[in-house]
Amino acid sequence: MSKHFILITSPPACGKTRLAKRLATELENSVYLDKDTLIPLSKQIFKVAGEPYNRSSEFFQKHIRDYEYDVIIDLGMEAIRYAETVIINAPFRKEVRDKGFIEGFKSRLSKVGAKLLVIWISATPELCKFRMLKRNSDRDKWKIEHWDEYIKDVNFNPPDLDKGELFIHKNSNDEEADEHFARLLKFIKSD
C-alpha cells in the first residue's frame, strides 16, 4: 500500500468526522487531524478583534479561514513523513475545486512519496441541516438561523478530480455508510 494523504471533505455536517475516525481506526500507522481542533484559536481571534463569533462572516473569511487550512495541511505534511496515512477532516470547499491547489499539493506530496486521495461525502442539504440541528454546535448557530442565506453558497456536488484521486462516499443511512466504507477500504488498500 502506498502512503496516502486523505482529505475527507464535504459541506459541514455531512458525516466527515464519523468517517474520518472510523477510517483512522481501520488503517494502521495513520494520523487523524480534525480542522475543528483549531476552533478555540479562531474563537480567540474573534474575541481579540471584537468581532461576533460567526464562521460564515466576511471577517472569518478574510482573517482566519485560510490560516486554519494552512496550519492543518502543514501539520499533515509533517505527519506524513512518519506515518503511512494522514487523514484530515475539513470541508476544503474551495481547495478541492482549485486545480492549481490540487496540482501544487500533489507535487508537495510526491516529494515525500505520498498520494492524494479526496473523499467526498455525498449528502443532501436536508440531511446536512438535520445533522447540524442534531449536533447542536455553536459553530453552526449562524448557519441554522440564516439557513436560506447560508445554503445558497454551498456546493453539494463532488469536485471534478481524476478518478484515482476521488472517492465518493454515501452515508445517508448506516447500511449505505457501511457498504461504502467497505468499498473505500478496499480502494485504499489496493493502491
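The values are calculated or read from the model by the stated rules, or taken from the named source; none is laboratory data. Note that the structure is a prediction, hence the values are computed from the model and not measured. Cβ placement follows ideal geometry from the backbone for every residue including glycine, while neighbour counts extend to all protein chains displayed.
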Residue 126 vs (1) without any contact (Cβ under 8 Å) to a residue 60 or more places away in the chain; (2) within 23 Å of residue 185 (Cα to Cα): all pass except (2)
Matching residues in the range 15-50 (without any contact (Cβ under 8 Å) to a residue 60 or more places away in the chain, closer than 22 Å to residue 122 by Cβ and not in a helix (DSSP H, G or I)) number 2
Subset of the range 27-57, residues at pLDDT 95 or above and of a type in the set (Asp, Glu), comes to 34, 51
When the range 1-34 is checked residue by residue, the ones that are buried (at least 20 other Cβ atoms within 10 Å of the Cβ) and of a type in the set (D, E, K, R) are 16
**Asked** For the range 101-122, does any single residue satisfy the condition of being over 18 Å from residue 6 (Cβ atoms) and either surrounded by fewer than 13 Cβ atoms within 10 Å (Cβ to Cβ) or free of Cβ contacts under 8 Å to residues at least 40 places away in the same chain (or both)?
**Response** no
Residue hits (the range 138-182; charged (D, E, K, R), assigned to a helix (DSSP H, G or I) and over 19 Å from the mean Cα position of the chain (by Cα)) are 141, 145, 148, 149, 174, 175, 176, 178, 179
Result of the Cβ filter at 9 Å on the range 51-72, keeping first residues that are within 17 Å of residue 138 (Cα to Cα) and polar (S, T, N, Q) and partners that are surrounded by 13 or more Cβ atoms within 10 Å (Cβ to Cβ) and at pLDDT 95 or above, at least 6 apart or interchain, is 54/46; 54/60; 57/46; 57/51
